[in-house]
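Peer 1: Next up is a structure, given as structure tokens.
The values are calculated or read from the model by the stated rules, or taken from the named source; none is laboratory data. Note that the coordinates shown come from a computational prediction; the quantities given were computed from them, not determined experimentally. Quick reminder, even Gly has a Cβ in these numbers, built from the backbone with ideal geometry, and neighbours come from all protein chains shown.
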Amino acid sequence: MLKTSKVSKSMSEEEAEAIRAKNEEIRKQRDEAAQVIADKFACFKRDFMGASIWSAMQAVLNGKNLPKPVQINYRSDEKFWVVSHDKNITVTFELNITSTEDSQLARIFLLELGDTSRVV
């Protein structure tokens, strides 16, 4: 019967430090790759959700046939509409404001917006 002996080889401090540095570099590369992927997903959502606005603007700029009105369901309880007519594009947003504080802030904002448009 052949016996194999287990030789315990302990790692020197330099080897351990080299492995830690290599692991840290791998973590850094992984985080950078994850950030690139996250940025691409964010741009996809922006481009996908804004495609109807972009196509309506391009049609107006190029004098092409205007697209039909579009409703985009942004969230389950929020939408926006893109309507183009003549040389104008109207984008209307529906917001679901649940808290009273947010509702009051939105009301103040809209009142100020009305006053500002009269002055300009």
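Peer 1: I'd like the full set of residues that are assigned to a loop (DSSP other than H, G, I, E, B), surrounded by fewer than 12 Cβ atoms within 10 Å (Cβ to Cβ) and either among the acidic types (Asp, Glu) or in contact with a strand residue (DSSP E or B) (Cβ under 8 Å, 6 or more places away or on another chain) (or both), limited to the stretch 70-120.
Peer 2: Residues satisfying the conditions are Asp77, Asp86, Asn96.
The rows are residues; the columns are (1) on the phi > 0 side of the Ramachandran plot; (2) hydrophobic (A, V, I, L, M, F, W, C); (3) touching a strand residue (DSSP E or B) at 6+ places or on another chain (Cβ under 8 Å).
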site: Arg30; (1), (2), (3): no, no, no
site: Phe44; (1), (2), (3): no, yes, no
site: Ala51; (1), (2), (3): no, yes, no
site: Gly63; (1), (2), (3): yes, no, no
site: Pro67; (1), (2), (3): no, no, yes
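Peer 1: Out of everything in the stretch 74-120 that is among the polar types (S, T, N, Q) and more than 24 Å from Arg46 (Cα to Cα), what residue ends up being modelled with the lowest pLDDT?
Peer 2: Ranking the candidates gives Ser117 first.
Peer 1: What are the pairs, 6+ residues apart or on separate chains, where a residue within the stretch 52-65 that is free of Cβ contacts under 8 Å to residues at least 12 places away in the same chain has its Cβ under 8 Å from a residue that is polar (S, T, N, Q)?
Peer 2: So the pair list comes out as Lys64/Gln58.
Peer 1: Okay, moving on. Does at least one position in the stretch 33-44 carry a residue that is among the basic types (Lys, Arg) and outside any strand (DSSP E or B)?
Peer 2: Checking the stretch 33-44: at least one residue is among the basic types (Lys, Arg) and outside any strand (DSSP E or B).
Peer 1: Follow-up. State yes or no: is Leu61 of a type outside the set (Gly, Ala, Ser) and at pLDDT 90 or above?
Peer 2: So Leu61 does not fit the description; no.
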